[in-house]
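The values are calculated or read from the model by the stated rules, or taken from the named source; none is laboratory data. Just so we're clear, the structure is a prediction, and the values are computed from it rather than from any experiment. Backbone-built Cβ (ideal geometry, glycine too); neighbour counts: all protein chains shown.
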Amino acid sequence: MMNEGIYSKLGSKGWSREDLIKANNIFQSAQEKKHHMVKLLDEFIYWFVLIVAIIGNLIVSVVLVPFLLVFHAIFLYGIISVIALTFGFLFIVIIDDLKELERKEHIVAGVFIPSLALVNVYFMVNFANHLNRTIRINEVSHNPIIVSLVYVIAFTIPYVVSKVLEKKGGVKEDGDRAFQNA
């Protein structure tokens, strides 16, 4: 299917429904005629971005350990939220820039990466709590479930906001309906 942003722009410039359907057919035909190496490169880029996101989430969860050792609840949750929002925004920008992704691939990335982040942060909080008890840096101990949920909720906010704004603009729904009715 044609990129929703292109559909919206063409629709706002006065393109008729028939012209949009023709453009979509041309776009689909071009996708089908792609050289197999280009299709392979598209798939490689998708998996590369997922791997980078996985590694990034792992690095972020390791970076949280010093904060977990020092800070108490409210201040810690603020720091975690800012880090997670930033990384979530970066992730959604990268995923949205991969215009070739199908909707199911967006869903896989949108569910898999936050789930993995939840697990990573959970284990890092447990590790920080164990480290804190072992070397007695501070009397701080955090609930791994709450900290993980704060991280994942903040991480997914950019994704949710982008989808809400997308639906509010009606781009995806109107575009899908126009092409399905053809």
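Looking only at residues in the stretch 61-99 that are charged (D, E, K, R) and in contact (Cβ under 8 Å) with a residue 60 or more places away in the chain, which one is nearest to I135 (Cα to Cα)?
Residues of the stretch 61-99 that are charged (D, E, K, R), as a first pass: 96-97, 99.
Restricting the remaining residues to those that are in contact (Cβ under 8 Å) with a residue 60 or more places away in the chain gives 96, 99.
Working: D96: 44, K99: 49 Å.
Out of the qualifying residues, it is D96.
Mind checking whether some residue in the stretch 131-149 is free of Cβ contacts under 8 Å to residues at least 12 places away in the same chain, under 30 Å from G11 (Cα atoms) and either of a type in the set (S, T, N, Q) or surrounded by 13 or more Cβ atoms within 10 Å (Cβ to Cβ) (or both)?
Checking the stretch 131-149: not a single residue is free of Cβ contacts under 8 Å to residues at least 12 places away in the same chain, under 30 Å from G11 (Cα atoms) and either of a type in the set (S, T, N, Q) or surrounded by 13 or more Cβ atoms within 10 Å (Cβ to Cβ) (or both).
Residues that are under 30 Å from V70 (Cα atoms) and either modelled with pLDDT of 80 or more or within 20 Å of the chain's Cα centre (by Cα) (or both): which helices (runs of 4 or more DSSP H) entirely in the stretch 84-182 hold 2 or more of them?
Those helices (runs of 4 or more DSSP H) span 103-135, 144-169.
Output the residue which, of all residues in the stretch 68-80 that are buried (at least 17 other Cβ atoms within 10 Å of the Cβ) and not aliphatic (A, V, I, L, M), is nearest to V49 (Cα to Cα).
Y77
Just to be sure I understand the filter: pairs with C-beta atoms under 9 Å, separated by 6 or more residues or on different chains, first member in the stretch 21-35 and touching a residue at least 40 places away in the same chain (Cβ under 8 Å) and closer than 16 Å to G11 by Cβ, second member part of a helix (DSSP H, G or I) and not acidic (D, E). Which pairs pass?
Going by the 9 Å Cβ cut-off, the qualifying pairs are I21/A178; I21/F179; N24/Y7; N24/G175; N24/A178; N24/F179.
Could you list all residues from the stretch 63-86 that are within 24 Å of V160 (Cα to Cα) and hydrophobic (A, V, I, L, M, F, W, C)?
Those that are within 24 Å of V160 (Cα to Cα) and hydrophobic (A, V, I, L, M, F, W, C): L64, I74, L76, I79, I80, V82, I83, A84, L85.
For the stretch 73-83, how many residues meet the condition of being modelled with pLDDT of 85 or more and farther than 15 Å from L118 by Cα?
6
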